[in-house]
Amino acid sequence: MGLFLLWFFFGIGVIIQAVYLLVIFGRTAWFKSPSKSSNNQIPEEGVTVLVAAHNEYHNLKTLIPKLFEQDYPKFDVMIVNDRSTDRTKRLLEELMVKYPKLRSVTIKYTPKHVTAKKFALTLGIKVAKNDVILLTDADCMPSSEQWIRKMTAPIREEGKTFSLGFSGYEVKAGLLNRWIQFETILTALFYFSFGLWNAPFMGIGRNLSYRKSFFMEAKGFRWLWHIEGGDDDLFVNQYATGKNTSLVIDPEANTTSIPKETWKDYLLQKKRHLHAGKYYRSEDKRKIGLFPLSHGLFWVGGIGLLFYFGFGQQWEQFSIVLGIILLRSFLVVRIFNSASKKVQGSTAPMNVLVNDFMYLAYFWVLGSVSYQAKDIQWK
């Protein structure tokens, strides 16, 4: 009975993992960008770059000048100064003199029935001058001067409502950063791949665009006010479809964020991100959940079989199981490296196989804790 269960777990894991790696994730890993010629007869539509910032003086000091290096003729920048107690307000006043297209609104308090970031974003969107909104965070940097043009092109030129982009993290030394690089690509594989299969279910608030008119018509975050986080993925999860959403897979359309440098800070950040997942639609929970479930079954069954056949000196069966494990390992490395090149333009310094094994603990331990957490906060 024990051997049957091990084979059953391993077999189910192999089948589902093969579907995800080859069929679903393969859509991103071997993505070929369609050749599109921009219609020059379409006038360039105005874009508002929106950033909600709480005590982000140092990051804004770097970000704002970089934003005004963008190669796009019609855009402004709106900074929502959310209850900052540092020198953010003074910095914005100084920079608004230098950059006439820089605007700001200051929030002194947040109503009790809403969460801070959603209130900040809602206020910023309401007062935005342009209908096309491009969202990012204060600790993010555009990867090129074409960021605004490329991220908003599906909305301006193709009539899409949502444009979903990628936001990576700076590469630094250490185990934590290698894990962050791995987990960021894995997340991109999920939402890009399902999006390419016309089934989008989430986006990243560090690089996300949609129309103000749609936001206002949908009454924004009306059903999300009480949830900390989810201003990006849950909003997309509620309203994005295969017809109204486009994926922007282009290294020049990315943003790059400052990564956490301690495990404590990282785990607090991911706890907030994973907590929002409990509010996804049921079918989207299944999309995400089947991969780690099959991942766990694959390793539990595979390792169990290796021990069983190894101790029993049944080397033929041992070799079959080991061969399947090695084949999957080859596919994982190949797909992650290929996806990283497509999305980021280069292969990230990831120890893919070690991180793939670490994913067992990450999802089942941190995911369970985050799902039940009640002490989630933005800032």
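The values are calculated or read from the model by the stated rules, or taken from the named source; none is laboratory data. Note that the structure is a prediction, hence the values are computed from the model and not measured. Cβ placement follows ideal geometry from the backbone for every residue including glycine, while neighbour counts extend to all protein chains displayed.
Worth pointing out:
- Residue pairs whose Cβ atoms lie under 9 Å apart, sitting 6 or more positions apart in sequence or on different chains, and linking a residue in the stretch 240-262 that is farther than 20 Å from ASP139 by Cα to a partner that is assigned to a loop (DSSP other than H, G, I, E, B) and basic (Lys, Arg), are LYS243/LYS160; ASN244/LYS160; THR245/LYS160; SER246/LYS160.
- From the options GLU217, GLU228, residue that is among the acidic types (Asp, Glu) and without any contact (Cβ under 8 Å) to a residue 40 or more places away in the chain: GLU217
- Unique match (being over 30 Å from PHE307 (Cα atoms) and of a type in the set (A, V, I, L, M, F, W, C)) among ILE79, ILE12: ILE79
- Contact map, the stretch 1-29: first residue buried (at least 17 other Cβ atoms within 10 Å of the Cβ), second residue not in a helix (DSSP H, G or I), Cβ cut-off under 8 Å, separation 6 or more or different chains; pairs are ILE24/TRP197; ARG27/TRP197; THR28/ILE249.
- Residue, surrounded by the most Cβ atoms within 10 Å (Cβ to Cβ), within the stretch 64-89, restricted to residues that are touching a Ser or Thr at 6+ places or on another chain (Cβ under 8 Å) and among the aliphatic types (A, V, I, L, M): ILE79
- Residue that is aromatic (Phe, Trp, Tyr), closer than 16 Å to LEU135 by Cα and touching a helix residue (DSSP H, G or I) at 6+ places or on another chain (Cβ under 8 Å), where the choices are PHE68, PHE75: PHE75
- Taking the stretch 102-147 as the region of interest, the strands (runs of 3 or more DSSP E) fully inside it that hold 3 or more residues being under 22 Å from ASN254 (Cα atoms) are 132-136, 140-142.
- Within the stretch 163-207, the residues that satisfy the criterion of being over 19 Å from TYR362 (Cβ atoms), surrounded by fewer than 23 Cβ atoms within 10 Å (Cβ to Cβ), among the aliphatic types (A, V, I, L, M) and in contact (Cβ under 8 Å) with a residue 24 or more places away in the chain are VAL171, LEU196, ALA199.
- Restricting the stretch 227-286 to residues that are modelled with pLDDT of 80 or more, crowded, with 18+ Cβ neighbours inside 10 Å and assigned to a loop (DSSP other than H, G, I, E, B), the residue that is nearest to the chain's Cα centre (by Cα): ASP232
- Filtered by the rule that a residue be free of Cβ contacts under 8 Å to residues at least 12 places away in the same chain and in a loop (DSSP other than H, G, I, E, B), the stretch 92-101 gives a lone residue, PRO100.
- Residue selected from the stretch 210-226 under the condition at pLDDT 85 or above and not in a helix (DSSP H, G or I), by the criterion nearest to the chain's Cα centre (by Cα): TYR210
- Total residues in the stretch 296-348 satisfying the condition of being crowded, with 18+ Cβ neighbours inside 10 Å and over 31 Å from the mean Cα position of the chain (by Cα): the figure is 5.
- Taken over the stretch 149-162, the criterion of being hydrophobic (A, V, I, L, M, F, W, C) and buried (at least 23 other Cβ atoms within 10 Å of the Cβ) is satisfied by MET151, ILE155, PHE162.
- Residues in the stretch 185-235 that are hydrophobic (A, V, I, L, M, F, W, C) and touching a strand residue (DSSP E or B) at 6+ places or on another chain (Cβ under 9 Å): ILE185, ALA188, PHE192, LEU196, MET202, ILE204, LEU208, PHE214, PHE215, PHE235.
- Selection status of LEU22, within 26 Å of GLN344 (Cβ to Cβ) and not hydroxyl-bearing (Ser, Thr, Tyr): yes
Residue by residue, here is whether (1) under 25 Å from MET216 (Cβ atoms); (2) modelled with pLDDT of 95 or more holds:
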residue: ARG90; (1), (2): no, yes
residue: LYS98; (1), (2): no, yes
residue: ARG103; (1), (2): yes, yes
residue: LYS117; (1), (2): yes, no
residue: ILE125; (1), (2): yes, yes
residue: LEU134; (1), (2): yes, yes
residue: GLN146; (1), (2): no, yes
residue: MET151; (1), (2): yes, yes
residue: THR161; (1), (2): yes, yes
